């Protein structure tokens, strides 16, 4: 991450904040399932499979499948777009999916709204890509926290190991999650409209993103 310029890092922080915002809303609506953190859902799936009924594994399977599908859709959007607009193409997809999720809630279509949110979070991971692979994971923080700990250890040993970008990325997710939880308390799933506007704003700002 230290090879990326400040514009990309700030943009990644904004993407992580969006993911935290949407994930908090999904977590509260689904009663403990996530729309961007699939490791947690995979653990829930395993536990439900062993201790619960067959019906209890349906929801995590649907969520995980939607996330994988969304990641694929994001990769396709990135691949098909011209290099100059690849980031905007993916974020436009994310914006449309979040807007559709909010619209589904307005029509009392709860499950489609959740699955569209998950599709959007999967697609968001294709926003910042390099050489065909994900350059920055912005909807999950396990890897970033592991790198934070590793680089702090190297820093304490006197080696040059930039750690602040990983802390900032995690902080963005936390800030977005707090905002999502607060607004969900007052507006429920109607707060998804702000997520769609947020993604639209990032789409318009995407031209500022460039790797060093």
* Structure fact -> For the chain, longest principal axis from Cα atoms; helix 192-205 axis from its Cα atoms; angle between them, nearest 10 degrees, is 30 degrees
* Determine, for 90, 8, 50, the number of other Cβ atoms within 10 Å of each Cβ, and report the residues in order from fewest to most. => 50, 8, 90
* Asked: Summing -39500 (n - 2.57) over the DSSP H runs of n ≥ 4 in the chain and dividing by its residue number, what mean residue ellipticity at 222 nm do you reach, to the nearest 500 deg cm²/dmol?
  -> -24500 deg cm²/dmol
* Structure fact -> Each label sits 7 Å from Cα toward the beta-carbon; between residue 39 and residue 76 the label points are separated, in nm, by 2.9 nm
* Structure fact -> Taking only C-alpha positions in the stretch 32-157, Rg and Dmax in angstrom work out to 16.9, 57
* State, to one decimal in nm, how far the label point of residue 6 lies from the label point of residue 56, with both points 7 Å from Cα in the Cβ direction. => 5.1 nm
* Asked: Fully extended, how many nm does the chain gain between residue 142 and residue 108 (0.36 nm per residue separation, minus their Cα-Cα distance)?
  -> 8.9 nm
* Given (1) 18.7; (2) 19.8; (3) 17.5, the label whose value is Kirkwood radius over Cα pairs in Å derived from this model -> (3)
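How much length would be gained if the chain were fully extended between residue 168 and residue 46, taking 0.36 nm per residue of separation minus their Cα-Cα distance, in nm to one decimal?
Gain in length upon complete extension: 40.7 nm.
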* For the residues 29, 124, what sequence is obtained by ranking on other C-beta atoms within 10 Å, fewest first? -> 29, 124
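All of the numbers you see were taken from the coordinates with simple rules; none came from a lab. Worth saying up front: this structure is predicted, and the values here are computed from it rather than measured. Glycine gets a Cβ as well: all are built from the backbone with ideal geometry, and neighbour counts include every protein chain shown.
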